[in-house]
Each structure stands twice: as structure tokens, then as C-alpha cells.
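A quick write-up on the structure given underneath.
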Amino acid sequence: MAANRTFSIIKPDATRRNITGAVTKMLEEAGLRVVASKRIHMSREQAEEFYGVHRERPFFNDLVTFMISGPVVVQVLEGENAVQRNRDIMGATNPANADVGTIRKELAESIEANSVHGSDSDENAATEIAFFFKPEEIVG
Ligand code: IDP
Ligand code: MG
């Protein structure tokens, strides 16, 4: 499959522990290239809109509160089969179930504070990239 893009967030548990470099190193070693990156502090409205698909889930309010509890690093990642490649290096949502060598197994704190977000489809990747980045901010 041709090189394509996905969207990543390094979550507040990782910025708090000053391990954004460690996370990015694992992404790069997995064959992904950071073609856009910025550190932001999301507003509640932004986080609620971003995670809108989860609005009915029981953990929604806690998730939003966690995601605005500190800064995050939003990134566009490029690589062959980028969406799946990123999901593979992220590992399972719950770090207790994640494979050894994945970001969540090695670095995450809990099922909520699990260090990284990654798009789950090419369609959602395009939507999520456009939510945070202007085209000219992405430099491949
Ligand atoms: P994903 O991040 O692996 O795609 P999703 O099901 O899309 O997982 O959930 C989004 C985020 O919501 C997770 O990354 C995690 O931070 C949080 N989350 C998911 N399930 C739970 C839960 O059961 N309790 C608390 N937080 C959860
Ligand atoms: Mg998800």
C-alpha cells in the first residue's frame, strides 16, 4: 500500500512525565515519520467534539477531563499503511492487554491514561488531521 497518513495524540499522562520523546522514538522506529507536530492544551469543547463518537460511553466525561488535564502533542504521521502501523505500535487500549514492545505496554499508566491516541481508519484519520492542522502546517 502507498505511503499515507494518520493522526496521533501524545496524551497528558505522557507530557506530564516528560516522555514525548520516548513515545516519538517508538513511532519513528516503527517506520512512521512525523510530518506535523504541535503541543497544545485542548479546551473542554474541543475535546468533547474530538471524542464525540464516545459521547454515550460511561467513561466519556472522565476521558474529556483527562484529555484537558494537561498539554498534549498532536501529530500527523506518514508511512506505509500508516493507520494500521500506528495502531500496531500503540498496542491494545488497556495496557494490561497490550503486547510487549508496544507504546501502551511499555509506557502507559492505565486504560484511560494510555499515553497515545491513534486514528482507527483512513477516513477518521483525514477528519482528525483536519480538526487540528491546516494543510500548510503538514510538511512531508
Ligand atoms: P483506542 O484509543 O484504543 O482507539 P477507544 O475505544 O477509541 O480506544 O477509546 C478512546 C479512549 O477512551 C481510550 O484511548 C482511553 O483513553 C479511553 N477509554 C477507553 N475505554 C475506557 C474504559 O473502559 N475506561 C476508561 N477509559 C477508557
Ligand atoms: Mg479509538
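The values are calculated or read from the model by the stated rules, or taken from the named source; none is laboratory data. These numbers come from a predicted model, not from an experiment. So basically every Cβ, Gly included, is an ideal-geometry build from the backbone, and we count neighbours across all protein chains shown.
Observations
- GLU136 meets all of the listed conditions (1) of a type in the set (Asp, Glu); (2) more than 14 Å from ligand 2 (Cβ to nearest atom); (3) in contact (Cβ under 8 Å) with a residue 60 or more places away in the chain but one, namely (3).
- In segment 56-73, the residues that are part of a helix (DSSP H, G or I) and either of a type in the set (A, V, I, L, M) or touching a Gly at 6+ places or on another chain (Cβ under 7 Å) (or both): LEU63, VAL64, MET67
- Qualifying residue in segment 119-127 (condition: assigned to a helix (DSSP H, G or I), under 23 Å from PHE66 (Cα atoms) and within 11 Å of ligand 1 (Cβ to nearest atom)): yes
- Residue that is farthest from the chain's Cα centre (by Cα), among those in segment 103-123 that are within 15 Å of ligand 2 (Cβ to nearest atom) and without any contact (Cβ under 8 Å) to a residue 24 or more places away in the chain: GLU123
- Restricting segment 1-22 to residues that are surrounded by fewer than 19 Cβ atoms within 10 Å (Cβ to Cβ) and part of a strand (DSSP E or B), the residue that is modelled with the highest pLDDT: ASN4
- Filter result (loosely packed, with under 14 Cβ neighbours inside 10 Å and over 14 Å from the mean Cα position of the chain (by Cα)) within segment 26-38: GLU29
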